[in-house]
Amino acid sequence: MHPLKTPNSCYYCLSSPTNLLSGRKLRVAVVGGGPAGSSGAEALASGGIETFLFERSTSIAKPCGGAIPLCMLDEFSLPLYLIDRHVTRMKIISPSNLTVDFGSKTLKPHESIPMLRREVLDSFLRSRAQSSGAHLIPALVTHLEVPSSSTEPYIIHHTSNNTKRTLAVDVIIGADGANSRVAKSIKAGNYTCAIAFQERIRLPEEKMEYYQNLAEMYVGNDVSPDFYAWVFPKCDHVAVGTGTVCSKPDIKVYQRGIRERVSHKINGGKVIKVEAHPIPEHPRPTRVRGRVALVGDAAGYVTKCSGEVRKNVRRGDSEGLGGRGKDAREALVEICGDEYVQRMTFDSYLYKKLANGDRWEDVKMVLNTIGSLVRCRIVEREMEALKVNEASKSNHLPIASAVSFLTW
């Protein structure tokens, strides 16, 4: 007899809410114990659903800068002891090392950017899910058996300490990251991924003092052709990393680039951890199939970067890489010096909502943006590209490129 087909239980089709389970609780497996998976497991278990949370390694966490929106503390009921640093100063540094202080004048007295370690956050959320009744299974999910009808269970094959086991469930939540096996099992389709690379570096006390409440972001082709690099403070170390979509094989080259840019600030530091991880660029074609739903990175629910900027980089011409790209980054950093731009950025990021702008300030921002682009010769270059395009009848779309730089 199948483990779920007992005399006192039956299956029902999830698409037919009138058909109810009798004799037992709904059984759900959440595959992946990151923030999305653990939060989902907590919610399910709190609602009285029999919940199993699979996590293959409770000691490994996705590498990321670790900055979280301020509103997340209340939204996820996160205790303050999880926070390593409350950043109130941020510096954005251009390819020519033009530096803009972002936030020192615009953050309100009660505002900050909380910085934490993902392994600390993930562990806390998993423990809270367990406290709500979820069963944590430290095992690797190897594959799924997809049922042929809506009345049959999904069979999860998993292994722990070289022991293979199976579990029959009614519903599956796939929260197992960019390389999701759950997504592959339901043929959810592929997506483009970036790669993030990060080193944790423990600094001497006097150098760590510099990053007491400061985070830094660097732009430039030496550190990333299409993303940015960062130095974010943690409890007793800094996270130094970068990411890219278009040049993933060269990620270590860009990591060396950011280390060189900050070498005078991290000299004497000791690398205590090296991390790399794929980051999805857009949602998968399919996020729900049957009684399986994908969440988080497995679904591709992330903030997407400008595709047009990447197209310019991928074109590979010397102007796109050495000229236009550098000019755009110089203009970006210059624009970030505007206090109104900073306030709008913080209002949207810290509270995850549309910021209420001022129409006159918006007009000034547009004019300042155009001024920055002109000073960096981007508009001039795009107008020249228009002329060349008209003459050659090529398939390039320089107008779209110009718009992408105005909105980047």
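What follows draws every value from the coordinates through simple rules; no lab data is involved. Bear in mind the structure is a predicted one, so any value in this text is a computation, not a measurement. FYI the Cβ positions are ideal-geometry reconstructions off the backbone, even for glycines, and counts take in every protein chain you see.
Using 0.36 nm per residue and subtracting the Cα-Cα separation, the extra length available between Ser96 and Leu367 on full extension is 95.2 nm. Sites listed here are trypsin sites (Lys or Arg not before Pro) in the stretch 81-140 whose DSSP assignment is loop and whose Cβ has at most 15 other Cβ atoms within 10 Å: Lys105.
In this label model, Lys352 and Leu73 are separated by 1.6 nm, measuring between points 7 Å along each Cα→Cβ vector.
Pairs over the 27 Å Cα-Cα cut-off, from the set Lys248/Lys353; Lys108/Lys273; Lys248/Lys364; Lys105/Lys364; Lys91/Lys353: Lys248/Lys353; Lys108/Lys273; Lys248/Lys364. Peptides 191-199, 356-364, ordered by how many other C-beta atoms sit within 10 Å of their residues on average, highest first, read 191-199, 356-364. Scanning residues 5 or more positions from Leu53 or on other chains, those with amide H under 5 Å from its amide H are Val30, His135, Leu136, Ile137, with H placed 1.01 Å from N in the peptide plane. In order along the stretch 361-373, the phi-based Karplus estimate (6.51 cos²θ - 1.76 cosθ + 1.60, θ = phi - 60°) of 3J(HN,Hα) comes to 5, 5, 4, 4, 5, 4, 5, 5, 4, 4, x, 5, 5 Hz; Gly and Pro are listed as x. Under conditions of 20 °C and 1.002 mPa s, the stretch 172-231 yields 140 µm² s⁻¹ as its translational diffusion coefficient, taking Rh as the Kirkwood radius over Cα pairs in the Stokes-Einstein equation. Rounded to the nearest whole Hz, the Karplus-based 3J(HN,Hα) values (6.51 cos²θ - 1.76 cosθ + 1.60, θ = phi - 60°) of the stretch 270-287 follow the sequence 10, 6, 10, 6, 10, 9, 8, 6, x, 10, x, 9, 6, x, 5, x, 10, 10, with x at glycine and proline.
Ordered from longest to shortest, the equivalent ellipsoid semi-axes for the stretch 92-148 are 43, 20, 11 Å, each the square root of 5 times a Cα gyration tensor eigenvalue. Residue-wise HN-Hα couplings along the stretch 24-32, as the Karplus relation 6.51 cos²θ - 1.76 cosθ + 1.60 with θ = phi - 60° gives them from phi, are 7, 7, 4, 10, 10, 10, 10, 9, x Hz; Gly and Pro carry x.
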